Structures are given as structure tokens and as C-alpha cells.
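A short write-up of the structure that comes next.
The values are calculated or read from the model by the stated rules, or taken from the named source; none is laboratory data. Predicted model, so just to flag it, every value in this text is computed and none were measured. Positions of Cβ are generated from backbone atoms using ideal geometry, with glycine treated the same way; all protein chains shown enter the neighbour counts.
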Amino acid sequence: MSSPYAGVPSGQWLEITRQLVAKHPLTTDEIVQVVLGSWDAIFDSRMGSKGFRISVDIFPKPQIMGFLLHELIPLELQARHPDHWCGERSGEDKDLVYIPDNFFSIEVKTSSNPSHIFGNRSYAQQTTENKKAKSGYYLAVNFENFKKRDVRPRVILLRFGWIDSTDWIGQHAATGQQSRLPPSVENGKLLKLFSVR
């Protein structure tokens with residue numbers, strides 16, 4: 001798949017991102033509703049025989065909160081649009097599968113960092129056969145950690161756009177397991193949909 005940004009200077013990326021977001025079948029309002037609704041659902045849910053609650057009895061690490069978002073966002077979209085959206089079904093699928101046209105499928109990235117998202121090291125490597133494509137639409141969700149037990153964390157930043165596989169930069173150390181995006185990509189290829197700032 002050729003990049004929609006091919007040959008375009010980084011100073012003009014934001015306009016291309018706006019066009020890509022505008023042609024996506026999900027509206028930006030619905031994306032915000034689904035993400036914030038899924039976040040709230042995590043705290044409204046009760047678990048175990050005594051109805052234990054996250055942020056009252058259980059204080060998960062960021063990886064667990066990210067996992068829950070990864071599960072709830074596809075389920076919420078599938079409940080709203082069962083003929084159009086579903087969650088990942090195989091290793092070739094993105095996190096959010098748009099059934100009519102895979103071009104519009106979405107990869108979800110969550111982070112407790114206030115402003116950046118990260119991929120694992122494989123994001124900075126070439127895609128192999130039978131694995132999901134790393135270029136395409138991305139939904140980036142940044143949220144707060146549990147810092148104080150009496151303060152419920154919030155989603156603080158929500159962005160949506162297009163990231164190419166070549167945008168990811170892997171760690172140089174042989175043991176490095178993380179990849180990141182340069183500021184030009186995060187600022188030009190991800191459109192801010194929601195922020196608490």
C-alpha cells in the first residue's frame with residue numbers, strides 16, 4: 001500500500017490527515033463517544049462475587065487498563081454497527097476491523113504517557129506474511145495512571161489519523177523492545193479529537 005503522504009513535505013501532512021479522517025466511515029464525534037464511553041464502562045463494571053470495582057477496590061497497572069480499552073472499544077462499535085465493525089479475528093486483522101473495506105480498519109494504541117504512543121519493536125520492522133499491516137488508520141488514546149487511590153484517572157488525549165510502517169523508529173539496543181514515532185509524525189499524521197488540556 002502506497003503512503004498517502006508520499007512525496008509530500010511534513011509541513012503539509014496535517015491537511016492530508018484531515019482529508020483521511022474526513023473520508024473515514026466513523027465520525028470523529030462517534031470515535032470520541034465510543035472511547036470515552038468505554039473508559040467510563042471500565043469504572044462502572046463490577047467484578048467478583050462481592051462486586052469489586054476498578055478505582056475503588058482494584059487499581060490496575062496501565063497495561064491492564066490499555067488491554068481493557070482494546071477489548072471494549074471493538075465490542076462497543078460492534079454493538080452499534082454489527083454489519084460494519086468487529087474486533088480482531090486473526091493475526092492479519094487490525095484491532096478494529098471494518099468489514100465492508102479493510103482499508104478503513106483501525107489499529108488502537110494506548111499509553112499512560114501524557115502525549116506519546118509506542119509500538120513494540122516489530123513495528124519498526126517490515127511486515128511479514130500473515131501478519132497485520134502496520135500502515136493505516138490509528139487511534140491513539142493517552143490516559144492517566146492511578147496516582148492516588150481517591151482520584152479516578154482520565155483519558156487525557158485522543159487522536160486519530162494515519163501512520164505508515166516506515167514512521168516507527170525502533171530502539172537501537174539489541175534488547176530494546178519498543179518503537180516510537182518522531183514528533184513530525186505525531187503532530188502531522190494524528191489529528192487531535194479530544195484533550196483535557
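In this structure, does HIS24 turn out to be out of contact with any helix residue (DSSP H, G or I) (no Cβ under 9 Å at 6 or more places or on another chain), under 17 Å from TYR138 (Cβ atoms), surrounded by 11 or more Cβ atoms within 10 Å (Cβ to Cβ) and modelled with pLDDT of 95 or more? Before you say what the answer is, go through the steps one by one.
Values: out of contact with any helix residue (DSSP H, G or I) (no Cβ under 9 Å at 6 or more places or on another chain): no; under 17 Å from TYR138 (Cβ atoms): yes; surrounded by 11 or more Cβ atoms within 10 Å (Cβ to Cβ): yes; modelled with pLDDT of 95 or more: yes.
No, not satisfied.
Any idea how many residues of segment 149-195 are of a type in the set (Val, Ile, Thr) and at pLDDT 95 or above?
So in segment 149-195, the residues of a type in the set (Val, Ile, Thr) come out as 151, 155-156, 163, 166, 169, 175, 185.
Still in the list and also at pLDDT 95 or above: 155-156, 163, 185.
Selection size over segment 149-195: 4.
Need a quick list: strands (runs of 3 or more DSSP E) entirely within segment 63-121 having at least 2 residues that are of a type in the set (Val, Ile, Thr) and within 15 Å of the chain's Cα centre (by Cα).
Details: elements: 85-87, 96-98, 106-111, 118-120.
Strands (runs of 3 or more DSSP E) meeting the threshold: 106-111.
Within segment 1-56, how many residues are part of a helix (DSSP H, G or I), among the polar types (S, T, N, Q) and over 18 Å from ASP164 (Cα atoms)? Explain how you work it out, then say what you get.
Step one: filter segment 1-56 for residues part of a helix (DSSP H, G or I), giving 10-22, 28-44.
Adding the requirement that they be among the polar types (S, T, N, Q) leaves 10, 12, 17, 19, 28, 33, 38.
Remaining after also requiring over 18 Å from ASP164 (Cα atoms): 28, 33, 38.
The number of residues fulfilling the criteria is 3.
Filtering segment 132-169 to residues that are among the acidic types (Asp, Glu) and loosely packed, with under 15 Cβ neighbours inside 10 Å leaves only ASP150. Note on segment 118-148: residues that are at pLDDT below 95, hydrophobic (A, V, I, L, M, F, W, C) and within 25 Å of THR28 (Cα to Cα) total 2.
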